[in-house]
Amino acid sequence: MTPTHRVTARLQGSDSQSPPPPVFAGASGTSDVWAPSPPGLVRAPSTSGSPGQTRPLLLCPVPARGPVPAAPPAPRPAPQQQSRAGELGLRGSLKLWKEPSGLLSNNKITGLRNGSFLGLSLLEKLDLRSNVISTVQPGAFLGLGELKRLDLSNNRIGCLTSETFRGLPRLLRLNISGNIFSSLQPGVFDELPALKVVDFGTEFLTCDCHLRWLLPWARNHSLQLSEHTLCAYPGVLHAQALGGLQEAQLRCEGALELHTHHLIPSLRQVVFQGDRLPFQCSASYLGDDTHIDWYHNRAPVEGDEQAGILLAKSLIHDCSFITSELTLSHIGVWASGEWECSVSTVQGNASKKVEIVVLETSASYCPAERVANNRGDFRWPRTLAGITAYQSCLQYPFTSVPLSGGAPGTRASRRCDRAGRWEPGDYSHCLYTNDITRVLYTFVLMPINASNALTLAHQLRVYTAEAASFSDMMDVVYVAQMIQKFLGYVDQIKELAEVMVDMASNLMLVDEHLLWLAQREDKACSGIVGALERIGGAALSPHAQHISVNSRNVALEAYLIKPHSYVGLTCTAFQRREVAAPGARPAAGPGKRRGVASPVISAGTSGCGAGNLTEPVAVSLRHWAEGAEPVAAWWSQEGPGGWSSEGCQLRSSQPNVSSLHCQHLGNVAVLMELSAFPREVGDAGAGLHPVVYPCTALLLLCLFTTIITYILNHSSIHVSQKGWHMLLNLCFHMAMTSAVFAGGITLTNYQMVCQAVGITLHYSSLSTLLWMGVKARVLHKELTWKAPPPQEGDAVPPAPRPMLRFYLIAGGIPLIICGITAAVNIHNYQDHSPYCWLVWRPSLGAFYIPVALILLITWIYFLCAGLHLRGPLARSSKAGNSRVSLEPGEELRGSSRLRSGGPLLSDSGSLLATGSSGAVPPGPPEDGDSLYSPGVQLGALVTTHFLYLAMWACGALAVSQRWLPRVVCSCLYGVAASALGLFVFTHHCARRRDSKRRSYPLHSASLNGGPKGGRCDDASAEAAGGGCMRTGLWKSETTV
């Protein structure tokens, strides 16, 4: 029979004479039944008793076999005793003869106090695993001098120092794995001289420079690191055993990796003004240099109670975590944006962000919009202001393009700002929709080395052979980047030079517009030119003193020479006729736009500077295109890159060849004024200044109101027939000019529409000026007309001259000019400029010269009419009665009811006495306005004329100028357009009484026999014998 050994220990409440008890959550007083214990240990239940009374605990080693005797259940302890379940102390003497051990695992022990195990000097094994121990006070294991094994695994211990394990001189095995610490302080095992095996693997263990001390210390003390001690961080050492690493592998380099970094809330928050929102940021604590900072839209955040920002001091938990809290107690619109929690250490920084959207009482929205670009077709929904919207990228699951590193992303983003306007979207995470662009992008992602550079270059050359079909500027950008990468291997692989020249030659087949866009985007053209210039210096060597590479569009030749023996170099290149012209950016001059009209030749040196040339570089180039005003220029690599004429002079120019001298080396060409140019980035299709549209709308409203008024009231408005036609046509063509200008001048993306806009503007501008000229001629003839001598007998008035002659002049001449211009070359109306208008050279003969002639004739009429009004004839005419001057056989509009009454209305509203028969003598061809005198009519026409010229000139400058002049001219256009519309409406409608009353044909004149002053009532109507009409409540104040 196996003997049993009884060991008696006493468990009692703490008193003043006993050492402080350990914190054992649930160690006693929690069970009222006997429970079997592992072999060698049986725990007896506690018995109830009064406070302070001794409660025996029986630890009885028993045989592994045999039943455990049952015992009656003990009564449940009182609540006061249960409340002390986690604060019980072990006291007394423990005598073990065989297998002395303590098993306290799987309980709820939360901490170990100083001296918790005093009196257990013979204990050799202590098992405290799988508790919730977070605090181990220094000296907690004092009194365990014979302890050889200690298991503290699977707890929540974060702070460990050398004082933690004081009093364990014979400890051989230590297991502290599964806790929450991430590193160990140097010297933490100094109080364990006999330690042989240690296991401290945790899910947060960071194998960096802070653990480098442990490896030499373990070798010096013959300490074995358990094979279960695995690294969790950094990622490159994940799951590797710490004992198998070298000291050099434990370093603090690279990006900061934190095992814990949380921001609550982590998702975007939409709140209302006045709400309260707390933030909490928790991160790994790596030492005293770890601290948390807060940022709002990248600006540091400081605590400010008045502003509603409450920032608490950072707290450190269990030497492993650091926490900071930020509270926004009263949120305003200022709180919108990104809030960032940044963890800073000596090694680096790590941050978490969350977006906050503050809604106002009246929130605005961005409208639904569709965007199509080289990344796909995106339909952005109606979005609340301040919100960032996301759209899934269009994926290509069956594409044959291998993507290195996986897909670049799955979503595009676009923000709606606070004002309800869309910001530019971020589409960089989406694949390109074009197959060629995706393939070229893949080439850029591939690593290049000396072994695969030539193979990749041959593959890329195959794709550039179809460069004429490139439709995206990024195609040129990616090929340019690859050419610059290949340049680094030309000295090792001589064949690369020929392949690179072929690729550059192929790119010259790309549309000029795309080349220009690529230059603006990434200076792609400058990069290609620079790479070709450096090929010679990279490929030449003492063994290869000459290279010559010819391709379809590029010829490259380089020599290795000695500087002291160099006296000069002559280069002659022959160009094939079918060679396409290299695309290049035009040079903009004052009022001119030029493009490359010849091949581009480059001369340079490599390895030595060549400045201050004693003689200029002489170049002769044959023109490949016809143009005007040739200029010598060289390609400048500074800034955005482009053609510059500084330092180059044109010595002679013939129709097919030009000679020029340059004071520096580089790429030289001849620029001419051509008929087609690439559009500027951002200008094609761009809108006009916002002030243009409302002012144009006001002008159109006034003009069409005038037109409709004269059409509806044509029987009551006292103007002649030709005056009525001229006014309506003038208003209509001014309206056409302004409407087409505001609505279509920038529609350069649509060639046919742009050409139609240019033709319409050309016609309406000329027609408007011609109608003004016709009106000026009629007014001048009215003032200079003399009545014919009286003839005996009844005078037969001549037949009226038809109005067709005015339409043939004011409408037919512009149609002929526009038709001839378009028939010669329809592209004269669209030249890839930022606006739809005539090309500069054709516009001289088709517009500016005719306009100058029309203005000259019109101003002569104005001058003659003005001089006549100031002359003696005008004064004598004022002394007598003025008369209505009409076309022979023409009647004044609105006078059909007066023919039986005799007299007609004159310019001033008075009557023209012509006898009882009421016959009207023939008059001059004039406007025949019954309310305005000729002087007033002339002033109104001159004012309208110059306001229209000012509006046209300011509108032209508004689309052709840049920056500040463009804004100023747009504002001046708005002022001129508004003034023109208001003046026309006021003069022709608002100030005319006869245009206000459509119901009454007689408004401003009185009949023979009527009362003086034109007043008409029932009594005067009877006295006049019917000569006065009933007009309701209206009474005219016109003086007879």
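The values are calculated or read from the model by the stated rules, or taken from the named source; none is laboratory data. Since the structure is predicted, the reported quantities are computational estimates derived from the model, not experimental observations. Please note: Cβ atoms are built from the backbone with ideal geometry, for glycine as well, and neighbour counts cover all protein chains shown. With ligands, DNA and RNA removed, areas are computed over all heavy atoms of the protein, side chains included. Shrake-Rupley method; radii C 1.70, N 1.55, O 1.52, S 1.80 Å.
The table below lists the values:
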| read-out | value |
| --- | --- |
| Accessible heavy-atom area order of 543, 664, 718, highest first, probe of 1.4 Å | 543, 664, 718 |
| Mean Cβ neighbour count within 10 Å, used as a protection proxy, ranking 333-340, 614-621 highest first | 333-340, 614-621 |
| Net charge over other residues, Cβ less than 13 angstrom from the Cβ of residue 328 (K, R count +1; D, E count -1) | -3 |
| Dipole axis of the range 493-533 (+1 Lys, Arg; -1 Asp, Glu on Cβ), positive-most option in 493, 524, 504 | 524 |
| Accessible heavy-atom area order of 392, 767, 282, highest first, probe of 1.4 Å | 392, 282, 767 |
| Entries of 108/352; 125/196; 352/485; 108/148; 313/353 with Cα pairs more than 26 Å apart | 108/352; 352/485 |
| Long-range amide H partners of residue 386 with built H, under 5 Å | 416, 417, 418, 420 |
| Neighbour-limited loop hits for GluC sites (Glu not before Pro), the range 466-566 (at most 12 other Cβ within 10 Å; DSSP other than H, G, I, E, B) | 466 |
| Most to least accessible of 190, 199, 289 (protein chains only, probe 1.4 Å) | 190, 289, 199 |
| Charge sum, other residues only, whose C-beta stays under 9 Å from residue 127's C-beta, Lys/Arg counted +1 and Asp/Glu -1 | +2 |
| Carbon plus sulfur fraction of accessible area for the range 166-218, probe 1.4 Å, in percent | 51 |
| Placed amide H near residue 376: partners under 5 Å, 5+ positions off or other chain | 433 |
| Spacing of the two label points (7 Å from each Cα toward its C-beta) at residue 543 and residue 848, in nm | 6.3 |
